1. Of everything in the stretch B:64-104, what is within 14 Å of another protein chain (Cβ to nearest Cβ), over 17 Å from B:LEU130 (Cβ atoms) and assigned to a loop (DSSP other than H, G, I, E, B)? Give them in sequence order.
2. Select from the stretch A:104-130 the residues that are away from every other protein chain (no Cβ under 12 Å) and in a loop (DSSP other than H, G, I, E, B) and list them in ascending order.
3. Those residues that are polar (S, T, N, Q), in contact with a Gly (Cβ under 9 Å, 6 or more places away or on another chain) and surrounded by fewer than 22 Cβ atoms within 10 Å (Cβ to Cβ), I need them from the stretch B:96-151; list them, please.
4. Only one of A:GLU163, A:GLU210 is within 14 Å of another protein chain (Cβ to nearest Cβ) and crowded, with 19+ Cβ neighbours inside 10 Å; which?
5. Count, please, the residues in the stretch B:28-38 that happen to be within 8 Å of chain A (Cβ to nearest Cβ) and at pLDDT 90 or above.
6. How do the pairs read when you match residues in the stretch B:167-183 that are more than 9 Å from every other protein chain (Cβ to nearest Cβ) with residues anywhere that are small (Gly, Ala, Ser) and buried (at least 22 other Cβ atoms within 10 Å of the Cβ), using Cβ under 7 Å and keeping only pairs 6 or more apart or on different chains?
7. From the list A:GLU172, A:GLU177, exactly one residue is away from every other protein chain (no Cβ under 14 Å), of a type in the set (Asp, Glu) and within 21 Å of A:LEU253 (Cα to Cα). Which is it?
8. State whether one or more residues within the stretch B:46-53 are under 15 Å from the mean Cα position of the chain (by Cα) and either closer than 21 Å to B:ASP131 by Cβ or without any contact (Cβ under 8 Å) to a residue 24 or more places away in the chain (or both).
Amino acid sequence: MLINVPETVVADALRGMAAAHPELTVDVENRVVVRRDAPVAGKVALVSGGGSGHEPLHAGFVGPGMLAAACPGEVFTSPVPDQMVRAAAAVDSGHGVLFVVKNYTGDVLNFEMAAELAEDEGVRVARVLVDDDVAVTDSTYTAGRRGTGGTLFVEKIAGAAAEEGAPLERVEAIAREVNARCRSFGVALGSCTTPAKGSPTFDLPPGELELGIGIHGEPGRERRPMMTSGEIADLAVDAVLEDLRPGGPVLVLVNGMGATPLLELYGFNAEVQRVLGERGVPVARTLVGSYVTSLDMAGCSVTLCQADEELLRLWDAPVRTAALQWGV
Amino acid sequence: MLDADFFRRWMTGMAAAVDREADRLTELDSAIGDADHGANLRRGFAAVVKALEEEPSGTPGSLLVLAGRQLISTVGGASGPLYGTLLRRAGKALGDAAEVAPVQLAEALRVGVAAVAQLGGAKAGDKTMLDALEPAVEALAESLGESFAAAADAADQGALATVPMRARKGRAGYLGERSVGHQDPGAASAALLVATLAAARGAR
């Protein structure tokens, strides 16, 4: 592992991010990454956060047209309420803050505490939960579906609405709408190694793959003998389409989990597009790359987001962040 | 009666226990979670000990509230808010007396554990820390706060009883049937919290 000691990986990465991105204000000690021109007068601010290890999510999405601030926690561990309260205070222009929260027990609890504390300080806070992972059987008895690749669509599209000056209620409604239209399914070809443990989180022999994985090295629901890229695309796209029956065009995210080369991801995308074509699902836009990762896990995920004209316009709107840039 | 020093001994003992057992907790967490429970609690309870050292005065109640706040501010994940809420609510329930009776502590812990159940939306049998905490506070209450050893035994047995359970909450819940056969790491650390409580009383 390319680290100094496990205890300083997050702080080290933030120092490096600060050096590479003068357009961001990086508070290494308090672990808050803020766009330099915040608070932006007259606009709602999006704040997200979560455990580290998913880079470029979330700090890589801070900038005009997307997040106003991000709060990185320890590796795979939700940030603490103090970070979110600090971030909210730094970015609030008086028009309110939307917390974008991936649906994990820790993230939900910490953001819930933070929302209360920020409101005590006079910041208007709304929250949206992202829960797009179809591999988790949703039920009222469990923590529910996980937030994975859909987070990128929520942050980009709701961020564009905020940048246009939409009020908090509208930005929140758009974020919920995007989440409701997103579904994801992930596959691992190898486990990941957390700095704290130093060895793979689960044991996946070569020649086998794990279906329905999350983004924290938690094992998936099923293990199978290795399949081809085309077979994996059939399985992943069908798992998503079983849950999302798009009536119109979709946005596609073919996402790498951290250790899968872009060469393989593009090849996989060709198969994903083939399957979508065979199922009669038109594609409006496609993004390929490692955006919502799980440290050094090998594998990929597919996220589909059912678009309409308004969401497509907001998706195409300019964005300028460390990891996602277009239209500017 | 239990004075402020008793609560300092408890927290210092817990920090040492978590430090000693961090690898085991992380190992349990890597089987059905995300392999960080030991490191997170080690960071949290180290911060608790530091904060208590910087607070030379303080009552049993105020020290537990301070410890809970430290956990919320330093641990993150689900365990930060959950353990933080346990200690903070128990501390509030103790009020500002300089000494508390064991039976008062038993009642305060019951309040704290109920707050954990409410915050996490979990109940006994879900394969969580509650499976160790609930039998422990029941055992302590039954003995009117006298038998800390019984509470520690109940917590140990409760933690072991999570092995055959199917997880319904937290990250292990995503595994469904595959969580069966592994001890819940939260229940294991909760048993340490009760064991160190008993040790602070000299009952273990």
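1. Residues satisfying the conditions are B:VAL75, B:GLY76.
2. Within the stretch A:104-130, A:GLU121, A:GLY122, A:VAL123, A:ARG124 qualify.
3. B:GLN104
4. A:GLU210
5. 1
6. Here the result reads B:SER179/B:ALA167; B:SER179/B:ALA172; B:GLN183/B:ALA159, each pair linking the stretch B:167-183 to a residue that is small (Gly, Ala, Ser) and buried (at least 22 other Cβ atoms within 10 Å of the Cβ).
7. None of the others qualify; the one that does is A:GLU177.
8. No - not one qualifying residue is present in the stretch B:46-53.
The values are calculated or read from the model by the stated rules, or taken from the named source; none is laboratory data. Please read these numbers as outputs of a predicted model, since none were measured by experiment. Virtual Cβ from ideal backbone geometry, glycine too; neighbours counted across all protein chains shown.
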